[in-house]
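What follows is a set of notes on a single structure, which appears directly below.
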Amino acid sequence: MAGYILKRLLSAIPVMLGITVIVFLIMAMIPGDPATAILGSYATPENVEKLNRDLGLDKPLVQRYFIWLGNMLTGDFGRSFSLNRPVLDEIAERFSATLILAGTAFVLCSILGILAGAISAARQYSLADKAITFVVLIGISVPSFFLGMMMILLFAVNLRWLPVSGMYAIYGGGDLPDLIAHLAMPALALAAVATGVIARLSRSAMLEVLRQDYIRTARAKGVPERRVVYGHALRAAMVSVIPVLGIQAGFVLSGAVYIEMVFQWPGVGRMLVDAILKRDILLVQGGVVFVSACYVLFNIAVDVAQSLLDPRIRT
Amino acid sequence: MSAFLKLLFRNRLAAIGAVVLGLILALVLVAPLLPLPDPDATATSERFARPFSEGHILGTDHLGRDLAARLVHGTRVSLAIGLFAALAAAVLGSAIGIAAGYFGGRTDNVIMRAIDMLMAFPYILLALAIVAALGPGLRNALIAVAAVNIPFFARNIRGITVGLAGREFVDAARLAGMGHTRIILSEILPNVLPVIVIGISTTVGWMILETAGLSFLGLGSQPPQADLGSMLGEARAALITAPHTSVVPGLMIFLIVMSINLLGDGVRDALDPRLKSGALARPRATTRVDRRGPVPEEPAKGLLDLQRLETQFHVGKRVYKAVNDVSLHVKPGECLGLIGESGSGKSVTALSVMGLVASPPGAITGGAVRHDGEDLLSLPYDALRRRRGEKVAYIFQDPLATLHPLYRIGEQMAEAIRVHHRISDREARARALELLRAVRIPNPESRLGNYPHEMSGGMRQRIGIAMALANDPEVLIADEPTTALDVTVQAQILALLDELRRERGLAILFITHDFGVVAQLCDRVAVMYAGRIVEQGPTEEILARPAHPYTARLIACVPELGEGKRELAAIPGLPPVVDSLPPGCAFAPRCDKAQEDCRKGAIDLAGTGTHDVRCLHPEVTP
Ligand code: SF4
């Protein structure tokens, strides 16, 4: 097992390098003189030149890449000019907020999605199946940002159950119940689409598995139907569901950008949007690389989970 | 095509999707003709007018602009942008995919590596990076969304192209001296085009959503230009005071995406042939019993007694009579061989006993299955379940598919016992070890921790047998338990079964296509053809003097008993499909002795009661 994890970690290195190359190349597409583009046309020539030097833009492309990469490896992601603080500090702070939001949503969508899919398959064509299918259809069609806004109207404005936005109450907040109250709506809104996708997939995976010979064997042994479905079949279905959880984690992370905007959540997504609007390229660059790298690591964790479930792929 | 459309519209949801989408498209197309105010005309005095107010059917936004006009206008922009992004991604992605798949080798390798890298990003980060570099704006948002979706197309299309590139017609074109471009355009592209179209139809909703999302963030369309996303984004500030300004564009995005999803699902279902046959229906816990006639009330002749059993498969309008009026019985300590070609209904007969025929599409439509005189088909589910594995146990063919791949052998064996008996972990383990020893598995302790894929075929088959014996059943139903094994292992397993029935007094129903195996193990044999028993009697007698021409041919196929690989293919012709049985003898088309009368009416199973045959002109009279 340790060998497998090590192997997967090593295989992540080229992927991470690839990510840095792609981000670097995209940033190299900035039309015109980047420093001017960043500082705006009213910048003084000295400022432009200084920024060019800071960014290493006076050097050739390949050399620039390696300098940038080397700096990042030593923990130097540069300095955000709009916030006037090190990029990495800002990212670390913002990313923890995103992690709380996206992590909760991911757990929610995994549990709810798999459960809904399994029930739906176990009672195919029943009222429960139809109801779930209908809710899932709505879930995957409604834009998360719109769903979030509607939730605010209902739960925060009309019913006054939950706070409208933010991560903590400004006065007297800061404890766990306060966080949960603030987290409930954004996490649910963020989880909706992924829940739908996972539920659909779980349903079809279950239906596929329920036709397998080993399910017939379980029945022939006299295993009670409930256990056949929620034990044998569900476990086997997870083999095709888990990789999709990894993909959906990417969508949850992506959706977090919208949800953070809607709910004023102080996460990395909102930071990125602000940075783009302010043309704070170093902050964008650092944020994208950092979050993508975390996502790659997360996917390794998914692979490891998969290998724990399925002995056939442990090598 | 028309069949496809019919199928699509039989799906009510898909039809709803098509109608909604059609209405939206119509609205957008006739927009210039509608008496709508200028979408950009501001009127600060009329800010946030409610819907259905004077002159503004949907109200106005924060600048007093008419929402209905902006909605129609924004929908148009969003649809156009989404569609355009989908087309751009499809064209570029497919081109990349075709190039990778067609040229293969290094090109393929390099391209696919790059694609993998792109897919390692959470997609929005990539889109954000592109927008960051190019600057906010509708065109750049479109580029970002299209670029992010290129890998999806590249991957799918490459997969199909790889398959095509190796096919004969491509080789032929190459040999004919056609250039790469021509081959790609004339041979490859037409074949991948349907997949590209399906890809577009499944992603276009997504792309509309994504461009709307970027606009919502303020990174897409810039004022005064508006799409649905930016309308929603601008309305957000006034969410609480004027919710209608948010609801109107939000609902529109929802309707568009949902109708496209519904239509896309419908298209996929219509194209997926598995769905047509109903094969993806969930099989019930037991086979459906739907007896058309009365339950036979004859006294049971054996411990297990099948009486005039009928099992059918209902697929669409077709009815496959897999098991047709089959009567069999097995006594304790006896082994009955049930022999026939694949498709003869022998396995379905075996599975019908404990209600294990997948249902739908299977259903037991007549007869009775008596165990100890009691009709199993009349039992409620739980009573039947308690007899499964406890009284009547199965050994299946191909234990790699029939053992659960994700549970250890020990767990699967313990479970077989524990679903019927309350015992501790330790007792279960001890019992499992004992069973593994009984079937002569070396190092049973270490085997308990193994997974099925870690064992050889012979070992797995022994596990299957051990598991069947877990609760000391009275009846064992073995469905071709030795087919996948080599001759030595096969002989060992047969010897093992023989020993078990002598020692434990097991009644064995042994399903096989191999007379050599029958000769080694079975006291009596029943021959099945096209769902019916055509001959039955004591093994020795049948081997020595087969009465039915089919039986005679089966026996002739066995080169030498107990040796070599035996195939039934040596009989010319194929068994009939059991949904269109000819009147009279089903074997007639393949039979040398067939005469006029054979094809007339039903033929009865006749004989002495110990040796019976269903034939008008038997080889010998039993
Ligand atoms: S009934 Fe006629 S056709 Fe059928 S097996 Fe006998 S001889 Fe052949």
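Worth a mention:
- Label-point separation, residue A:160 to residue B:31 (7 Å along Cα→Cβ), nm: 4.1 nm
- Length available on full extension from residue B:437 to residue B:597: 0.36 nm per residue minus the Cα-Cα distance, which gives 52.0 nm.
- Along each principal axis, Cα extent of chain B, largest first, Å: 103, 67, 58
- Between residue B:445 and residue B:620, the FRET efficiency estimated from the beta carbon spacing at R0 = 45 angstrom works out to 0.25.
- Those residues of the stretch B:184-199 whose amide nitrogen sits under 15 Å from the label point placed on residue B:174, 7 Å along Cα→Cβ: B:184-185, B:187-188
- For chain B, the antiparallel share of DSSP beta bridges with both residues in that region comes to about 60%.
- Remark: for residue pairs B:321/B:391; B:346/B:391; B:301/B:600; B:317/B:346, the C-alpha separation exceeds 26 Å in B:321/B:391; B:301/B:600.
- Projected over every direction and averaged, the convex hull enclosing the alpha-carbon atoms of the stretch B:376-512 yields 8.3 nm².
- Projected area, mean over directions - chain A, Cα convex hull, nm²: 21.1 nm²
- Area of residue A:68 that stays accessible when all protein chains are in place (1.4 Å probe, Å², to 10): 40 Å²
- Quotient of the Cα radius of gyration of the stretch A:145-223 and 2.2 N^0.38 Å, N being its number of residues: 1.79.
- Inter-chain shielding of A:82-89 (mean C-beta neighbours from other protein chains, 10 Å cut-off): 0
- Distance (nanometres) between label positions extended 7 Å along Cα→Cβ at residue A:29 and residue B:504: 6.8 nm
- When the alpha carbon coordinates of the protein assembly as shown are projected onto the principal axes, the ranges are 111, 73, 64 Å, largest first.
- Remark: the protein assembly as shown carries a charge dipole of roughly 420 debye about the Cα centre, counting +1 on each Lys and Arg Cβ and -1 on each Asp and Glu Cβ.
- Exposure of residue A:197 as accessible area (Å², to 10), given a probe of 1.4 Å and all protein chains: 50 Å²
- Accessible area in the full protein assembly, largest first, 1.4 Å probe, for B:420, B:180, A:232: B:180, B:420, A:232
- Rounded to the nearest 20 debye, the dipole size of chain B about its Cα centre is 800 debye, using +1 on the Cβ of Lys and Arg and -1 on the Cβ of Asp and Glu.
- The distance separating the Cα centre of the stretch B:333-389 from that of the stretch B:190-220 comes to 51 Å.
- The 1.4 Å probe gives accessible areas that order B:396, B:84, largest first, as B:84, B:396.
- Only protein heavy atoms count here; under a 1.4 Å probe, residue B:503 has an accessible surface of about 130 Å².
- The tail of the calculated P(r) for the stretch B:76-230, taken as Cα-Cα distances beyond 26 Å, holds 33 percent of the pairs.
- A full extension of the chain between residue B:318 and residue B:15 corresponds to an added length of 106.4 nm, given 0.36 nm per residue minus the alpha carbon distance.
- From the alpha carbon centroid of the stretch B:90-136 to that of the stretch A:1-33 is 14 Å.
- Shielding of B:248-258 by partner chains, average beta-carbon count, 10 Å: 3
- Computed with the Debye formula from one identical point scatterer per Cα of the stretch A:132-280, without solvent, the log10 of I(q)/I(0) at q = 0.09, 0.12, 0.14, 0.15 Å⁻¹ comes to -0.43, -0.66, -0.80, -0.86.
- With a 10 Å cut-off around each Cβ of A:278-285, the average count of Cβ atoms from other chains is 2.
- Using a Förster distance of 22 Å, the FRET efficiency for residue B:308-residue B:544 (Cβ separation, nearest 0.05): 0.15
- Those residues of the stretch A:86-112 whose amide nitrogen sits under 20 Å from the label point placed on residue A:176, 7 Å along Cα→Cβ: A:96-108
- Modelled FRET efficiency - R0 60 Å, residue A:8 with residue A:53, Cβ distances, 0.05 increments: 0.90
- Residue among A:298, B:413, B:609 farthest towards the positive dipole end of the protein assembly as shown, charges placed on Cβ: B:609
- Under 16 Å from a label point set 7 Å out along the Cα-to-Cβ vector of residue B:400, the amide N atoms of the stretch B:436-464 belong to B:451-464.
- Extension gain, residue B:106 back to residue B:488 (0.36 nm per residue minus Cα-Cα distance, nm): 132.8 nm
The values are calculated or read from the model by the stated rules, or taken from the named source; none is laboratory data. Since this is a predicted model, take the numbers as computed values, not measurements. Please note: Cβ atoms are built from the backbone with ideal geometry, for glycine as well, and neighbour counts cover all protein chains shown. When the accessible area is computed, the model is the full protein with side chains, heavy atoms only, and any ligands, DNA or RNA have been set aside. Shrake-Rupley method; radii C 1.70, N 1.55, O 1.52, S 1.80 Å.
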